[in-house]
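Student: Below you will find the structure I want to go over with you.
The values are calculated or read from the model by the stated rules, or taken from the named source; none is laboratory data. For clarity, every value in this text was computed on a predicted model and none was experimentally measured. In this analysis, Cβ positions are derived from the backbone assuming ideal geometry, glycine residues included, and neighbour counts consider all displayed protein chains.
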Amino acid sequence: MEDKSKKIKILIILSIIILLTGIIFLGLMYINKDKQKKNIYQVENNTYYEVNLKPNNYFFNNKLEANNYYIANAINSIDIYFNYNLKNKTEGNFNYSYDITATLKSYADNGTKLVWTKDFNLKNINNINEKEIDIKEDYNLDYEYYVNYVKAFQEYFNIKTETYLDVKLNIKINDKDESYVLITIPISDDIIEITMKDDKAFLENKTTNGNFNKIIVFIFIVIVIGILISKILFHKDNEEAILKEYRDIIIVIQNEPNINSNNIIYLTNLKDLINIAVNNNINIFHYQNNYYTIIDNTYYIYILKK
C-alpha cells in the first residue's frame, strides 16, 4: 500500500515537472520572439550643428563646425539640423508625434543641486501616420537670448549658478515617449563644449531590459504556481491515503461531540493523530471535518482542511 502511494506521488511529481518545463519552454519561446522585434527597426540619426560667431578681428570664418571648443562671448547663434530616421521593416505604420524643446537648468554647489529650470517650446508636430519616421528640422538657436535670460535670473536673485541649455527632439510613438536627440549647451562658462546624446538603440535597450524583467517574473510565477499545486495535491492525497489506510480505527459519529475538558491539543498533522491512536491502541472519532481522540481526559483534535 505504501509503495503504491509512493508511485502515485512520483507520477504526480513527474507530471508537474513536465507541465512546468513545458510552460517555461513556451514562455522563453515567446520572450525570444519578442526580443527579435528589435531587428525589424533601423534607426539613423544624422543630427549636427554649426556655431555662428559675432563679427570679430580674430576668426576668419563666421561659422565653426561641430565638436570643437567655443568662446562663449564670441557666439551669436547655433544652427541645429535635426536629421532623424526610423524605418519599419514590417508592413505596419508608425503613429507618431514629435516636439522640439529648449530647457534651461541652473545648478548650485558645483553642479550638484538643481535650483531652477525654464522650458521653451520651439516646435510641435502631431498625429503623423507613415511607414517610417523621417524628421528633418532646421532651427537657428539664439544663444545670446538664453545667456541674457540666465544673467537676468542671476542678477535678480544675486546668485551665481552653473547653467546648461538642453535642446531636445522628443519623439512619441502611440503617445508614448520613445526616442530622443539631446544637445546640451553650457551657458555660464567662458569656454564651452557642446555635447550631443541620442537614444539610437532605444528599441533594443527597451526590449532587452523588458525581457530580463519578464524572465524573472515569469520564473517566479511558475515556481509559486508549482509549489501551490504540489501542496494542494500532496496534502489532499496524503490525507486521503492515511484515512483510507487507517479506516479500521476511525469511528464516524453522527452527533456533535460534547467536549467538556479544558485540556485540548490541536494537531496540525493528521499523521500525528494517527500515531497517538495507534500507540495507545484507541480509536479516532470522526465528526464532519473533525478527527479526535481522548487520552486521560485530554482531547487531541485534528481539523481536516477542505
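Student: In the stretch 258-276, how many residues are surrounded by 10 or more Cβ atoms within 10 Å (Cβ to Cβ) and within 15 Å of residue 304 (Cβ to Cβ)? Write out each step before concluding.
Tutor: So the first thing to find is which residues in the stretch 258-276 are surrounded by 10 or more Cβ atoms within 10 Å (Cβ to Cβ), and the list is 259, 261, 263-267, 269-276.
Those still in the list that are within 15 Å of residue 304 (Cβ to Cβ) too: 266-267, 269-274.
Count: 8.
Student: Look at residue 100 and say whether it is over 25 Å from residue 126 (Cβ atoms) and in contact with a Phe, Trp or Tyr (Cβ under 8 Å, 6 or more places away or on another chain).
Tutor: Spelling it out, it is not the case that residue 100 is over 25 Å from residue 126 (Cβ atoms) and in contact with a Phe, Trp or Tyr (Cβ under 8 Å, 6 or more places away or on another chain).
Student: Considering each of 49, 81, 70 in turn, give the residue that is closer than 17 Å to residue 190 by Cα and at pLDDT 75 or above. Steps first, please.
Tutor: Working: 49 fails: closer than 17 Å to residue 190 by Cα; 81 fails: closer than 17 Å to residue 190 by Cα.
Exactly one residue qualifies, and that residue is 70.
Student: Another question, then. Look at residue 296 and say whether it is exposed (fewer than 12 other Cβ atoms within 10 Å of the Cβ) and acidic (Asp, Glu). I'd like the intermediate steps shown before the answer.
Tutor: Details: exposed (fewer than 12 other Cβ atoms within 10 Å of the Cβ): yes; acidic (Asp, Glu): yes.
Considered against the rule, which asks whether it is exposed (fewer than 12 other Cβ atoms within 10 Å of the Cβ) and acidic (Asp, Glu), residue 296 comes out as yes.
Student: Moving on to the next point. Taking the criterion of being farther than 30 Å from residue 131 by Cβ, surrounded by fewer than 12 Cβ atoms within 10 Å (Cβ to Cβ), modelled with pLDDT under 75 and outside the structural domain of residue 147 (by TED's automatic domain parsing), would at least one residue in the stretch 26-40 satisfy it? Reasoning before the result, please.
Tutor: Taking the stretch 26-40 as the starting set, the residues that turn out to be farther than 30 Å from residue 131 by Cβ are 26-28.
Within this subset, residues satisfying the condition of being surrounded by fewer than 12 Cβ atoms within 10 Å (Cβ to Cβ) are 26.
This time we only want the ones that are modelled with pLDDT under 75, so: 26.
Cutting the leftovers down to outside the structural domain of residue 147 (by TED's automatic domain parsing) gives us 26.
Yes - at least one qualifying residue is present in the stretch 26-40.
Student: Right, something else. Please report, ordered by residue number, the strands (runs of 3 or more DSSP E) entirely within the stretch 47-126 with at least 3 residues that are touching a Leu at 6+ places or on another chain (Cβ under 9 Å) and within 15 Å of residue 168 (Cα to Cα). Before you say what the answer is, go through the steps one by one.
Tutor: Numbers: elements: 48-53, 69-71, 75-88, 94-108.
Those strands (runs of 3 or more DSSP E) span 75-88, 94-108.
Student: Here's a follow-up. If I ask for residues that are under 16 Å from residue 303 (Cβ atoms) and either assigned to a loop (DSSP other than H, G, I, E, B) or polar (S, T, N, Q) (or both), which ones from the stretch 239-258 would you list?
Tutor: Within the stretch 239-258, 253, 256, 257 qualify.
Student: Spot the failing condition for residue 164; the list is (1) under 30 Å from residue 41 (Cβ atoms); (2) touching a residue at least 60 places away in the same chain (Cβ under 8 Å); (3) under 31 Å from the mean Cα position of the chain (by Cα), and only one is missed.
Tutor: (1)
Student: Confirm whether residue 99 is touching a strand residue (DSSP E or B) at 6+ places or on another chain (Cβ under 6 Å), in contact (Cβ under 8 Å) with a residue 12 or more places away in the chain and farther than 27 Å from residue 53 by Cβ. Talk me through it step by step, then tell me what you get.
Tutor: Numbers: touching a strand residue (DSSP E or B) at 6+ places or on another chain (Cβ under 6 Å): yes; in contact (Cβ under 8 Å) with a residue 12 or more places away in the chain: yes; farther than 27 Å from residue 53 by Cβ: yes.
In short, yes.
Student: So, of the residues in the stretch 86-123 that are closer than 18 Å to residue 162 by Cβ and among the hydroxyl-bearing types (Ser, Thr, Tyr), which turns out to be surrounded by the fewest Cβ atoms within 10 Å (Cβ to Cβ)? Write out each step before concluding.
Tutor: So the first thing to find is which residues in the stretch 86-123 are closer than 18 Å to residue 162 by Cβ, and the list is 102-118.
With the extra rule that they be among the hydroxyl-bearing types (Ser, Thr, Tyr), the set shrinks to 103, 106-107, 112, 117.
Details: 103: 15, 106: 23, 107: 16, 112: 8, 117: 11.
Checked the stretch 86-123; the qualifying residue surrounded by the fewest Cβ atoms within 10 Å (Cβ to Cβ) is 112.
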